[in-house]
Amino acid sequence: MSHVINLFMWGYQTHFRVGLEIRAKGVFEKLGAEAEPKVFLVGLRRPGLGPSHPVCVEPEDGEWSVTLFEGLSDAVEAAIPKHPLQKMFYGDELSMREKPTRIRQLTIADEVKRRLEDEDRRLGQRSFCSEAYPVGDYEVVCVLQLPERLFAQYPSIELTWQAEQYETNLVFACVRQLLNEGRRALFVPDPGRSNTDAMRTAEEIIRVAASNFMRSSFLPGRFCTTDLFEHLNRLSQLRYEGSTGIGRIVLAAADDPNVEYVLRLKESVALSQTRWARKLLQMATGEPALIAEYGDISGLGRVSDVSAPPFSIEFLDHHQWDLRRGDQILLRCRFGEARLPQEPIGRERFVDNMRRVFARIDEPSIARFLKVLDLLTQLRRGSSVVIAEDAAEEAARLSNQGTVIAPVPLSKELLERATAIDGTILADPQGVCHAIGVILDGQGVDESTPSRGARYNSALRYVAAGSVPRMAFVISEDRTLDVVPLLRPRVDRTRIEAAVTAIGTATLENYHKPRAFLDNHRFYLNEEQCRIVNDALDRIENEPCEVGRIVIVTERFTPHPVMNASYLKGNLRAVS
């Protein structure tokens, strides 16, 4: 069977697009973002060439029809004279010669994005476009699409540079870097032909993006000229006389009138002087923080009387730090790897999780535990709370391994005092505490892992050992929070059934969408559905195909031992 590309730009366009999409998925997976990025290509035929398709879209049978881009060439030609860069004069001859080409490539990207805006709003997503670059007879734009909810979950910050406002965060920085990588990969002959392509790995893309984000204009009117991300990583690795680096740096101009210095250095110390900077950080473990104008430390002090909280870096432990603006965490760095701040569980999922574990729990109790969860994260130290239907009996049984107390509702003051000692707080589903400082017991379970530490693993074992419903909130030393068990989200039964039906009749030409959906939701398939999907994959992957055709080999499906009907819910939009 021949796979003919009707909207042909170059022979490896499908390989290239799939490679860029895989790279994008790797980036957001490593960031910790729940997103399914999609990539497609738009090519505008270069002027003066013979008759052919004026616009091509890859994939040609995807959700974006080529009709959406009708008249694109005329729109580009009309917009070029109005482009803002037409008024720009460059001081070097080469840039002036390249200006018309650059304006054209930027205009093509702008017009492609404009064509997508209405559909983006309808579908709840955002499209980002790279500058166009010529490949064969077409000027090609890489389009990266992400769900709008991602930007609600990780809000951007507004900064000002040269009197112009712009929004940014780590997500935006990664998007820009991914599009740069995609465009740069178009420079090589036959993009997509080689597996060893010109793009960086997902880890490298995140690192470059984090470094670029940390060069943002956090201080109005002052540009960051140093690699702040790298300097902070090096600083977080150093110990001072055996002690771990814990402290805070506030970003502020040295002459900012809102800075109240406890001490001011006669000459600033560069963050690049890592050992000296680490020595100074030792003084910033209390309320006063080091004051730094990006890469230059000016002293120790506080920032007051400001309308917006300053940007700050909080060193939490060895090789662990956060970039914050007030209470908003913008970037987490753990052992040199940048990540998005992880909300352990959203409100809706938290409520659903509580109701599924504790069938008889009422609304006031759920609200109380939401407050407990919030208070635990504010305490900024390792701690754990176990909720058990048999809490009173367990408090008595474990009386030699903890401190039994007169039953009292959980409160902020109780949590502050009880988490100051070792052991777990034991409460019932009504939010009544029965014991503190409890050393938990329980048999080992498969989910235990040495990398997570004793507090997490003991909670995991104890919850698993119970014959009645139990749950644990665990704050680790690095301030990450786990809810045990955190049940998988419920999925609409009809979406699973529709995808199974679709792949059962699919071919190599159209199986990708149901295959991808099922691969991401394999936990929810029962034994019969697994058999249908596996039979379909055996048939599809063995269809005859031409040399060079990409065929994704999918791991075969087996029913998950803990899957049951409680993980399925009512009707949503079906996948086809």
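Screening Val39 on (1) under 23 Å from Asn180 (Cα atoms); (2) of a type outside the set (Ser, Thr, Tyr); (3) assigned to a helix (DSSP H, G or I) shows it passes everything except condition (3). Residues in the stretch 323-363 that are without any contact (Cβ under 8 Å) to a residue 24 or more places away in the chain, more than 15 Å from the chain's Cα centre (by Cα) and either in a helix (DSSP H, G or I) or within 19 Å of Ser156 (Cβ to Cβ) (or both): Arg324, Gly326, Asp327, Arg347, Glu348, Val351, Arg355, Glu363. Within the stretch 99-129, the set of residues being charged (D, E, K, R) and exposed (fewer than 13 other Cβ atoms within 10 Å of the Cβ) comprises Glu117, Asp118, Arg121, Arg122.
Among the residues of the stretch 264-301, the one identified as buried (at least 19 other Cβ atoms within 10 Å of the Cβ) and more than 14 Å from Val250 (Cα to Cα) is Arg278.
How many residues does the stretch 498-533 hold that are part of a loop (DSSP other than H, G, I, E, B) and either at pLDDT 90 or above or surrounded by fewer than 13 Cβ atoms within 10 Å (Cβ to Cβ) (or both)? Looking only at that region, the number is 7. Just to be sure before I move on: is Arg97 within 37 Å of the chain's Cα centre (by Cα) and either in the same structural domain as Glu181 (by TED's automatic domain parsing) or modelled with pLDDT under 90 (or both) in the structure I sent? For Arg97, the condition - within 37 Å of the chain's Cα centre (by Cα) and either in the same structural domain as Glu181 (by TED's automatic domain parsing) or modelled with pLDDT under 90 (or both) - is not met.
Hey, among the residues in the stretch 438-491 that are hydroxyl-bearing (Ser, Thr, Tyr) and in contact with a Gly (Cβ under 8 Å, 6 or more places away or on another chain), which one's modelled with the lowest pLDDT? Applying the filter and picking the extreme gives Ser476. Look through the stretch 534-564, keep the residues that are among the hydrophobic types (A, V, I, L, M, F, W, C) and modelled with pLDDT of 90 or more, and return whichever of them is farthest from Arg355 (Cα to Cα). Only one residue tops the list, namely Ile540.
Being assigned by TED's automatic domain parsing to the domain that holds Leu376 and under 28 Å from Pro469 (Cβ atoms) is the requirement here; does Thr558 meet it?
In short, no.
Within the stretch 244-255, being in contact with a strand residue (DSSP E or B) (Cβ under 7 Å, 6 or more places away or on another chain) and either in a strand (DSSP E or B) or surrounded by fewer than 16 Cβ atoms within 10 Å (Cβ to Cβ) (or both) holds for Thr244, Gly247, Arg248, Ile249, Val250, Leu251. Only one entry of Arg46, Arg104, Arg115 meets the criterion of being among the basic types (Lys, Arg), in contact (Cβ under 8 Å) with a residue 12 or more places away in the chain and closer than 27 Å to Leu150 by Cα, and that entry is Arg115. Scanning the stretch 132-169 for residues that are among the charged types (D, E, K, R) and either closer than 22 Å to Leu219 by Cβ or part of a strand (DSSP E or B) (or both), we see that the one that is modelled with the highest pLDDT is Glu139. For the stretch 75-98, filtered to residues that are among the small types (Gly, Ala, Ser) and within 22 Å of Trp64 (Cβ to Cβ), the residue that is surrounded by the most Cβ atoms within 10 Å (Cβ to Cβ) is Ala75.
For Gly48, which of the numbered conditions (1) in a strand (DSSP E or B); (2) at positive phi fails to hold? For Gly48, the exception is condition (1). Condition first: at pLDDT below 95, farther than 23 Å from Ile366 by Cβ and either in the same structural domain as Pro561 (by TED's automatic domain parsing) or more than 26 Å from the chain's Cα centre (by Cα) (or both). Can you find one or more residues in the stretch 423-433 that meet it? The answer is yes, given that some residue of the stretch 423-433 is at pLDDT below 95, farther than 23 Å from Ile366 by Cβ and either in the same structural domain as Pro561 (by TED's automatic domain parsing) or more than 26 Å from the chain's Cα centre (by Cα) (or both).
Taking residues in the stretch 470-498 that are among the aromatic types (Phe, Trp, Tyr), and partners anywhere that are modelled with pLDDT of 95 or more, the pairs with Cβ atoms closer than 7 Å and at least 6 places apart or on different chains are Phe473/Val385.
Select from the stretch 380-429 the residues that are hydroxyl-bearing (Ser, Thr, Tyr) and out of contact with any Gly (no Cβ under 7 Å at 6 or more places or on another chain) and write down the one among them that is farthest from Ala464 (Cα to Cα).
Going through the stretch 380-429, the residues hydroxyl-bearing (Ser, Thr, Tyr) turn out to be 383-384, 399, 403, 411, 419, 424.
Of the ones still in play, those that are also out of contact with any Gly (no Cβ under 7 Å at 6 or more places or on another chain) are 383-384, 399, 411, 419, 424.
Details: Ser383: 19, Ser384: 16, Ser399: 20, Ser411: 27, Thr419: 23, Thr424: 16 Å.
If we take residues in the stretch 380-429 being hydroxyl-bearing (Ser, Thr, Tyr) and out of contact with any Gly (no Cβ under 7 Å at 6 or more places or on another chain), then Ser411 is farthest from Ala464 (Cα to Cα).
Free of Cβ contacts under 8 Å to residues at least 60 places away in the same chain and within 21 Å of the chain's Cα centre (by Cα): is that true of Leu123 in this structure? Here the answer is yes, as Leu123 does meet what is asked.
The values are calculated or read from the model by the stated rules, or taken from the named source; none is laboratory data. What you see is a predicted model; the values in this text were computed from it and never measured. Positions of Cβ are backbone-derived with ideal geometry, glycine not excepted, and every protein chain shown enters the neighbour counts.
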